[in-house]
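The numbers here are math on the coordinates, done by the rules we state, and not lab data. These numbers were taken from a predicted model, which means no experiment stands behind them. Cβ sites come from the backbone with ideal geometry, for glycine too, and all protein chains shown count toward neighbours.
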């Protein structure tokens, strides 16, 4: 009978439990359980409802156990980065973890730089500057004199927190730790000196564990509830982007001169290259790129880009008005709209969490003296073309950073299902685009478990399994000068 591995994959808007059956050559996925996720607003704060998420995890793994039983070899869990929970004395969870869109983060970068410079922070952490990073979340607590920090004894990133609930083991998994802006990517150790400079309690940072580490079996109380006392928990790349990049179907060896880049496409677009060692220099700081840990000793040099969040929020706004557009309908409307009329900067602050996203897009176009998109199709087309042009801009930056020519763009994740965006990306970047797999994060999670359990020998062999298991679609760039002219107009907007 084929072995089964479970991936608990939780994103900002939904989570699921996915089972992977491995026959020695390929892996077949089945979604066993899915649930909605999102922030909860209360007392002028934005939180994650950890207990509700935990309930869903137990329910989903129980459902998988009912289906597969003793065929299940192990379980791995991944989530988004940057957010964390704090445990106090006797391992009490002090507060619901704050959501990265919590308003306490407003203006925190400037407040931090008055105490320690950008250059100093970057030299110790190699991370891009985003107010959502864990360092700045801790500083936000410090700025408003929250008592939470006084009582904290352990900082656990969101997947670390769930793994502790599963097994009782408290560790900080490496790939997620690298999203905190509290870790030195050159040494692989915590940047304790930086914590000291800010007066933050370095004692809350724990032991760092690498992907592939076997944490052990479930707590007795959890195994009893799930019905499986033998189920073992293995650390994948617990940062969902690390798992997604693990599933890129590339056969190229790891080097510091890559000829391909990736886009992990979903609510966020994470665009970067996989290299052998960090890139920490003035140019990387100037371009605001990040050095995050990958699987198998790799480093992911990348930039966070606001992704399909903009389209999702447009759809939600229209839904609340009574217009129930499907995703396919929105893409069809966009495809039928006039191309390359108006553009937005997807990362502009006005698109962070506006009350009404369609109006925010229209206002940006109005403020920048562009044609204002009026119809849903024109608005979605504006958002998608702007995203493709942002990819073109970041592609050029990646080539500057690495000094190598990037020939192929791999897109993985849910965004691969948007064929219009994939073709726009090929046209804007003038590169061949290979799209797939869709289920990249769950797949990468499962592949690390295969390696940890000895079923697969290496990352290279694991990526061959991706090629064996999932179809990909190739997009060839159209030969046109229109996108070149559009790129110039887009660049002018960014200045």
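Divided by 2.2 N^0.38 Å, where N counts the residues, the Cα radius of gyration of the range 378-495 comes to 1.24. For the pair residue 461 and residue 31, a Förster radius of 22 Å applied to the C-beta separation gives a FRET efficiency near 0.30, rounded to the nearest 0.05.
Is the C-alpha gyration tensor of the range 86-208 telling us rounded, prolate or oblate? Criteria: a/c under 1.5 is rounded; beyond that, a/b larger than b/c is prolate, otherwise oblate. Oblate, since a/c reaches 1.5 and b/c is not below a/b.
Note on residue 338 and residue 286: their simple-model spin labels are 3.8 nm apart, each label 7 Å out from Cα toward Cβ. Contact order, relative form, for the chain: 15 percent (alpha carbon pairs under 8 Å, 6 or more residues apart, mean separation divided by residue count). Note on the range 352-378 and the range 290-323: Cα centroid distance 19 Å, given to the nearest whole angstrom. Every Cα-Cα pair of the range 1-62 was included, and the share exceeding 13 Å stands at 65 percent. Spatial offset of the range 226-272 relative to the range 165-192 amounts to 17 Å, using the alpha carbon center of each. Based on the Stokes-Einstein relation at 37 °C and a viscosity of 0.692 mPa s, and on the Kirkwood radius from alpha carbon pairs, the range 3-234 is assigned a translational diffusion coefficient of 176 µm²/s. Spread over its residues, the convex hull of the C-alpha atoms of the range 162-207 is 80 Å³ per residue.
Cα extents for the range 425-488 along the principal axes, largest to smallest and rounded to whole angstrom: 52, 20, 18. Between residue 145 and residue 481, full extension at 0.36 nm per residue minus the direct alpha carbon distance yields a gain of 115.4 nm. For the pair residue 417 and residue 224, label points projected 7 Å from Cα toward Cβ lie 4.0 nm apart. Each of the peptides 252-264, 177-189 was scored by the mean count of other Cβ atoms within 10 Å over its residues; in descending order, highest first, they stand as 177-189, 252-264.
Shape class of the range 237-326 from the Cα gyration tensor (axes a ≥ b ≥ c, square roots of the eigenvalues): prolate, since a/c reaches 1.5 or more and a/b is larger than b/c. Each of 198, 122 was scored by other Cβ atoms within 10 Å of its Cβ. Listed from fewest to most, they are 198, 122. Ranked by the mean number of other Cβ atoms within 10 Å of their residues, highest first, the peptides 203-209, 321-327 come out as 203-209, 321-327.
Classify the range 308-370 as rounded, prolate or oblate from the Cα gyration tensor: take a ≥ b ≥ c as the square roots of its eigenvalues, call it rounded if a/c is under 1.5, otherwise prolate when a/b beats b/c and oblate if not. Oblate. When Rg and the Kirkwood radius Rh are both evaluated on Cα atoms of the chain, their ratio Rg/Rh stands at 0.95. Taking Rh as the Kirkwood radius computed over C-alpha pairs, what is the Stokes-Einstein D of the range 267-402 at 4 °C in a medium of viscosity 1.567 mPa s, expressed in µm² per second? For these conditions, the coefficient is 80 µm²/s. I'd like the distance between the alpha-carbon centres of the range 116-157 and the range 43-112, rounded to an integer number of Å. The distance from the Cα centre of the range 116-157 to that of the range 43-112 comes to 18 Å. Inter-label distance, residue 405 to residue 323: 4.4 nm, where each label sits 7 Å from its Cα along the C-beta direction.
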